Each structure stands twice: as structure tokens, then as C-alpha cells.
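What follows is a single structure, written as C-alpha cells, with notes after it.
The values are calculated or read from the model by the stated rules, or taken from the named source; none is laboratory data. All of these numbers come straight from a predicted model, not from anything done at the bench. Neighbour counts run over all protein chains shown; Cβ positions are idealised from the backbone, glycine included. What goes into the accessible areas is simple: the full protein's heavy atoms, side chains included, and nothing from ligands, DNA or RNA. Shrake-Rupley method; radii C 1.70, N 1.55, O 1.52, S 1.80 Å.
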Amino acid sequence: MVGNDIVDIELAKRQSDWQRPRYLDKIFNLQEQQLIYASNEPTIMVWKLWSMKEAAYKLYTQVCPSRFYNPKAFTCNLKNGETVRYKSFLCETNTKTTIHYILSEARLKNKLTTSKVINLENISHMNQGKTFEKEALKLFATERKYLEKNLKYAKTPFGVPLIYYKSKKYNISISHHGKFGAIAIA
Amino acid sequence: MNKDELIAKLKPIIAPYVQDEEAFKNLTEDTDFVNDLKINSANLVDIILDIEDEFNIRLENEDMEQMLNVRSAMAIVTSKLNS
């Protein structure tokens with residue numbers, strides 16, 4: 001099981017004004033807001049914490065299939081690595097920040113995850129789903145050394161992507177924002 | 001305010017964040033903000049803030065939890081206006 005989230009930094013700056021009144025307070029607790037205000041790059045910190053919460057939410061909903069919207073209840077901690085807590089659920093995250101995107105992966109303790117970022121700039125909306133499917137199967141086949149023809153891509157009723165290998169199934173995670181797509185497998 | 005009046009008030013609030021215009025044209029109570037309108041999840045917060053401003057109400061985190069479709073947004077606004 002794995003959760004991921006990618007933020008296209010340039011698009012996030014255009015799409016969301018985190019400085020509008022009450023915005024931060026809806027998503028971030030006081031400790032998180034302190035991290036944002038203490039940061040040299042507050043905008044990057046906003047989207048880093050956001051992507052950690054989103055990735056953790058996606059992992060949580062694989063563990064407990066459900067759907068809801070409560071980003072504030074997922075609390076980030078940046079001491080001793082990255083962790084996110086939701087009620088009694090705790091996971092690790094790993095966040096990579098480049099000048100173009102922020103990518104978070106959420107995983108259960110001591111599990112390894114692999115991510116791939118894909119550029120969707122020149123792919124039409126209609127073909128994006130197919131591109132994710134193709135790239136996910138390719139990544140899974142390469143990482144697990146399985147033949148691609150033995151793999152099948154599907155989604156759960158909650159929209160979580162899955163890969164079947166013979167009778168076994170593996171949850172994966174996909175994320176899309178602006179120019180970027182990301183696939184994570186565990 | 002009846003249901004049609006409420007939907008008519010909600011539509012211009014939702015409009016700026018919609019990524020699937022076709023789904024927006026056919027908006028009903030069952031329309032899902034994320035799955036149908038393809039609204040970015042960070043923009044759901046903007047919709048919530050805009051709803052608060054428009055109706056002069058405040059939504060708690062528990063109210064936000066189910067704010068995933070038009071029907072639940074209507075139910076939350078109605079309950080706040082009546083409380």
C-alpha cells in the first residue's frame with residue numbers, strides 16, 4: 001500500500017492563494033502554520049505540507065477504504081524525518097522538491113516505495129488515463145521483474161488504482177497536477 | 001430558500017474552480033466536485049471559504065468532511081442557515 005501526491009508548483013501559485021484570509025486555518029494546525037511562517041520559502045512549505053497530507057490520506061484510504069475531506073485532521077511532523085498522523089493512524093512520508101514540482105510518497109513503517117514522475121504537458125485530457133495505465137504497468141513490471149503481459153490494471157470502487165499479477169493484487173497510487181503525473185508502487 | 005434557488009447561488013461560487021465544463025453544464029445534486037467537475041482538492045478550500053462569505057456562515061472541519069458533492073454542500077448550507 002502506498003499513497004502519493006504531486007504538486008505542479010507553477011500551477012499551484014496560479015490556482016491557489018494561500019494568503020487569502022482563513023485559508024491556512026482551514027488546512028493547517030498551529031504547528032504547521034508556524035513551520036510555514038518560519039520558512040524561507042513559505043509557498044513551498046505550504047505545498048510540501050499539503051502534499052504530505054494528501055499522500056497520507058491516499059494511503060489511509062487504502063488501509064481503511066473510505067472517502068472524506070479533512071486535510072486539517074492529517075497532521076504533519078518534520079522532526080526526525082517526515083511523519084503524518086490521522087487519529088491513531090501514523091505513516092512516514094518522503095517528499096522531494098524540485099524547482100518544478102513537489103512529490104510526496106506516504107508509506108507504512110519500513111516499507112519501500114518507488115516513484116516515477118511523468119510529463120503530461122503534451123498529452124490530451126482524453127489520453128491521460130491511458131498514459132497512467134501504461135506507465136504504471138511498465139514501472140511495476142520493471143521493479144518486480146514481471147512480464148507486462150501478466151499484469152492487469154484496474155480501480156477499486158473508491159478509485160484506488162490496482163495492479164493484478166495473476167491472482168494477486170497490489171494497490172498503487174497515482175497523482176496528477178498540471179503538467180505532472182506521478183506513480184508510486186510499494 | 002428552495003433547492004433551485006440554493007443551486008443557483010452555489011453555481012457561480014463553484015464555477016471558477018471547475019476543470020470539466022461539460023460536467024458543470026449538466027450539474028445536478030449528484031455532481032461530485034472532484035470526480036465529475038475535476039476540481040483540484042486544494043481549491044475545495046476556496047469553495048468552502050466562498051460559501052462562508054456568500055451565506056455569512058462558518059463551517060467546521062466536521063462540516064467539511066462530507067463536502068464532496070453538490071448535495072452535501074446544499075445540506076450543510078441549509079443546516080447552518082437554519083441553526
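Being within 14 Å of another protein chain (Cβ to nearest Cβ) and either out of contact with any Pro (no Cβ under 9 Å at 6 or more places or on another chain) or open to solvent by less than 90 Å² (accessible area, probe 1.4 Å) (or both) is true of residue B:32. With respect to the conditions (1) touching a Leu at 6+ places or on another chain (Cβ under 8 Å); (2) facing chain A (nearest Cβ under 10 Å); (3) open to solvent by 40 Å² or more (accessible area, probe 1.4 Å), residue B:38 falls short on a single one, namely (1). Selection of strands (runs of 3 or more DSSP E) fully inside the range A:132-186 by the criterion of at least 1 residues being of a type in the set (S, T, N, Q) and closer than 18 Å to residue A:105 by Cα returns A:168-177. Residues that are over 19 Å from residue B:49 (Cβ atoms) and more than 15 Å from the chain's Cα centre (by Cα) were ranked within the range A:43-62; the one that is surrounded by the most Cβ atoms within 10 Å (Cβ to Cβ) is A:45. Would you confirm whether or not the range B:43-60 contains a residue that is within 12 Å of chain A (Cβ to nearest Cβ), of a type outside the set (Asp, Glu), surrounded by fewer than 18 Cβ atoms within 10 Å (Cβ to Cβ) and not in a helix (DSSP H, G or I)? Taking every residue of the range B:43-60 in turn, at least one turns out to be within 12 Å of chain A (Cβ to nearest Cβ), of a type outside the set (Asp, Glu), surrounded by fewer than 18 Cβ atoms within 10 Å (Cβ to Cβ) and not in a helix (DSSP H, G or I). The set of residues in the range B:66-75 that are within 12 Å of another protein chain (Cβ to nearest Cβ), under 9 Å from the mean Cα position of the chain (by Cα) and open to solvent by 10 Å² or more (accessible area, probe 1.4 Å) comprises B:68, B:69, B:72. Remark: pairs (first residue in the range A:39-57, over 19 Å from residue A:68 (Cβ atoms); second residue open to solvent by less than 40 Å² (accessible area, probe 1.4 Å) and among the aromatic types (Phe, Trp, Tyr); Cβ separation under 6 Å; 6+ apart in sequence or on different chains) = A:46/A:18. Of all residues in the range A:10-38, those being without any contact (Cβ under 8 Å) to a residue 12 or more places away in the chain, within 12 Å of chain B (Cβ to nearest Cβ), closer than 20 Å to residue B:65 by Cα and part of a helix (DSSP H, G or I) number 2. Kindly establish whether residue A:94 is within 11 Å of chain B (Cβ to nearest Cβ), within 17 Å of the chain's Cα centre (by Cα) and polar (S, T, N, Q). Considered against the rule, which asks whether it is within 11 Å of chain B (Cβ to nearest Cβ), within 17 Å of the chain's Cα centre (by Cα) and polar (S, T, N, Q), residue A:94 comes out as no. Residue A:83 satisfies every condition listed in (1) in contact (Cβ under 8 Å) with a residue 24 or more places away in the chain; (2) over 24 Å from residue A:180 (Cβ atoms) except (1). The set of residues from the range A:133-181 being closer than 19 Å to residue B:39 by Cβ and not β-branched (Val, Ile, Thr) comprises A:158, A:159, A:175, A:176, A:177, A:178, A:179, A:180, A:181. Put simply, of B:18, B:70, B:45 the only residue that is without any contact (Cβ under 8 Å) to a residue 12 or more places away in the chain, of a type outside the set (D, E, K, R) and closer than 25 Å to residue A:175 by Cβ is B:45. Residue count for the range A:89-105 satisfying the condition of being hydrophobic (A, V, I, L, M, F, W, C) and either open to solvent by 50 Å² or more (accessible area, probe 1.4 Å) or not assigned by TED's automatic domain parsing to the domain that holds residue A:76 (or both): 2. Residue B:63 fulfils the conditions (1) in contact with a helix residue (DSSP H, G or I) (Cβ under 7 Å, 6 or more places away or on another chain); (2) at pLDDT below 95; (3) within 9 Å of chain A (Cβ to nearest Cβ) except for a single criterion, (3).
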